[in-house]
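Visitor: Sharing a structure below in structure tokens format, with a few things to ask.
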Amino acid sequence: MDKVSVIVPVYNSAGHLRKCLDSILYQTHEDLEIILVNDASENEADCDICREYALKNSKVKYIELPVMSGISETRNTGLEAAEGKYIMFVDSDDYLPDEEVIARLYTTLKKNGSDISIGNYLRDMNGKIVEAGRHNFSEDTDIGGADFRFRGFFSNGGLSYVWGKLYLSDFLRKFGIKFDDLSYAEDKLFNIRCFYHFPRYSFTDSNVYCYRFNQHSESNIYHDDYAENWMRAAVLAYEEFKGCSCPGEYEDIIGYMVLFATFFHAKQEYSYKEKSIKAIYDALSRYKSYKLARHEFSSCTDYARRLSAGFWKAAIIVYGALMKKNCLRIASLAVWVAAALGLDGALSSTGIFSRGRKTNKINKFIK
């Protein structure tokens with residue numbers, strides 16, 4: 001049995017931290033180290049809980065950062081301290097839904113000689129447990145195909161998050177894959193970097209993570225730097241793409257990233273500011289100043305033609321063409337209609353409006 005290092009960034013999460021840590025400690029995979037990295041939490045209870053668990057259990061390693069450094073540096077600190085052959089990430093307000101999670105991911109990865117194993121996940125909506133959109137991937141999935149990239153990183157999104165996965169440490173170290181200093185979406189970029197180095201994936205259909213919806217999380221609050229953050233992520237992804245021996249069609253990930261960023265940014269501005277189509281228009285206009293964005297707008301229709309899903313193909317072709325031709329007023333109206341119809345919720349598999357079905361799976365952690 002190989003050691004698994006579970007990295008848990010901690011920041012103002014005392015209310016959920018014990019459940020998170022217990023769900024890891026009760027795993028049947030015995031060779032574990034749990035690395036708690038406290039990002040200068042303002043809540044003293046965080047520190048007390050971390051110290052308590054580190055004193056009581058030799059599997060727990062506790063690190064306190066002297067100043068708040070952000071989620072990327074916190075996770076990178078955990079990566080540097082990790083001694084395990086495999087790496088897992090668990091956020092401190094989330095938890096593992098049963099005792100066999102790590103064993104299942106580990107067995108799946110070892111059986112297939114993979115670099116990354118991926119499972120499905122649940123959402124905890126204020127105590128109501130529902131299943132998120134399923135990844136529906138298997139060992140027969142064409143991971144080099146356009147549908148895998150689009151579904152994995154955007155339509156389903158299962159490839160975007162670092163939780164719900166097990167990573168081979170040697171793979172991450174070989175290619176120097178770490179988290180970039182972004183305000184958010186750092187996990188999406190982390191996994192895009194992984195993808196551009198041709199990892200071997202394996203999949204399990206079981207639920208291996210429970211994501212707790214938090215309306216105050218980074219993905220659900222207003223950001224002044226939305227465009228700047230997403231474009232920096234896109235530029236870093238583009239540099240990674242250019243530095244690898246990837247097929248040219250793999251650039252579509254960057255195009256979709258830019259296009260989806262404009263949509264969610266425009267919706268954010270509409271929701272939090274003027275409640276007008278002008279707010280949408282102003283947000284979309286910001287992206288025309290970025291050279292990479294203009295380049296990707298010109299290519300999005302070509303990317304979309306490779307997709308098999310008719311709805312997404314049509315939607316991206318139309319929206320991409322509007323952005324390419326600078327028809328921002330029509331594009332603004334399209335965003336407004338899509339948001340009014342709740343399409344934005346369907347685009348986010350962790351969002352409160354995303355589609356999922358209630359699950360009857362109950363155990364000691366889901367209650």
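The values are calculated or read from the model by the stated rules, or taken from the named source; none is laboratory data. Not measured: the values here are computed from a predicted model. Here Cβ is always computed from backbone atoms with ideal geometry, including for glycine, and neighbour counts include all displayed protein chains. Just so you know, the surface numbers come from the protein's heavy atoms only, side chains and all, with ligands and any DNA or RNA stripped out. Shrake-Rupley method; radii C 1.70, N 1.55, O 1.52, S 1.80 Å.
Visitor: Please verify whether segment 22-37 includes one or more residues that are in contact (Cβ under 8 Å) with a residue 60 or more places away in the chain and in a strand (DSSP E or B). Give the derivation first.
Guide: The first filter runs over segment 22-37 and keeps only residues in contact (Cβ under 8 Å) with a residue 60 or more places away in the chain, leaving 22-24, 26-29, 32.
With in a strand (DSSP E or B) added as a condition, the list becomes 32.
Checked segment 22-37: at least one residue is in contact (Cβ under 8 Å) with a residue 60 or more places away in the chain and in a strand (DSSP E or B).
Visitor: OK, next. Which residues, counting only those in segment 146-160, are assigned to a loop (DSSP other than H, G, I, E, B) and touching a residue at least 60 places away in the same chain (Cβ under 8 Å)?
Guide: N156, G157, G158
Visitor: Let me ask something else about it. For segment 58-145, which fully contained strands (runs of 3 or more DSSP E) count at least 3 residues that are over 22 Å from L189 (Cβ atoms)?
Guide: 60-64, 116-125, 128-131
Visitor: Only one of L182, L172, L189 is outside any strand (DSSP E or B), in contact with a strand residue (DSSP E or B) (Cβ under 8 Å, 6 or more places away or on another chain) and within 29 Å of L17 (Cβ to Cβ); which?
Guide: Working: L182 fails: in contact with a strand residue (DSSP E or B) (Cβ under 8 Å, 6 or more places away or on another chain); L189 fails: in contact with a strand residue (DSSP E or B) (Cβ under 8 Å, 6 or more places away or on another chain).
Just one listed residue meets the conditions, L172.
Quick grid of which residues meet (1) modelled with pLDDT of 95 or more; (2) open to solvent by 20 Å² or more (accessible area, probe 1.4 Å); (3) under 22 Å from E139 (Cβ atoms):
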position	(1), (2), (3)
G164	yes, no, yes
S169	yes, no, no
I177	yes, no, no
H197	yes, yes, yes
Q215	no, yes, no
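Visitor: Another one. Output the qualifying pairs, or none if there are none: Cβ atoms under 8 angstrom, residues six or more apart or on different chains, first residue in segment 177-199 and farther than 11 Å from R232 by Cβ, second residue among the hydroxyl-bearing types (S, T, Y) and assigned to a loop (DSSP other than H, G, I, E, B).
Guide: Short answer, once both residue conditions are applied: D187/S160; D187/Y161; K188/S160; K188/Y161; N191/S160; N191/Y161; P199/S114.
Visitor: Taking the criterion of being farther than 24 Å from A309 by Cα and buried (at least 19 other Cβ atoms within 10 Å of the Cβ), would at least one residue in segment 146-162 satisfy it?
Guide: Residues of segment 146-162 farther than 24 Å from A309 by Cα: 162.
Add one more test, that the residue is buried (at least 19 other Cβ atoms within 10 Å of the Cβ), and what stays is 162.
Within segment 146-162, one or more residues are farther than 24 Å from A309 by Cα and buried (at least 19 other Cβ atoms within 10 Å of the Cβ).
Visitor: Taking the criterion of being touching a helix residue (DSSP H, G or I) at 6+ places or on another chain (Cβ under 7 Å), more than 26 Å from S183 (Cα to Cα) and open to solvent by 10 Å² or more (accessible area, probe 1.4 Å), would at least one residue in segment 245-259 satisfy it?
Guide: In the first step, residues of segment 245-259 are kept if they are touching a helix residue (DSSP H, G or I) at 6+ places or on another chain (Cβ under 7 Å); the result is 249-259.
Filter once more, keeping what is more than 26 Å from S183 (Cα to Cα): 249.
Then keep just the ones that are open to solvent by 10 Å² or more (accessible area, probe 1.4 Å); that gives 249.
Yes.
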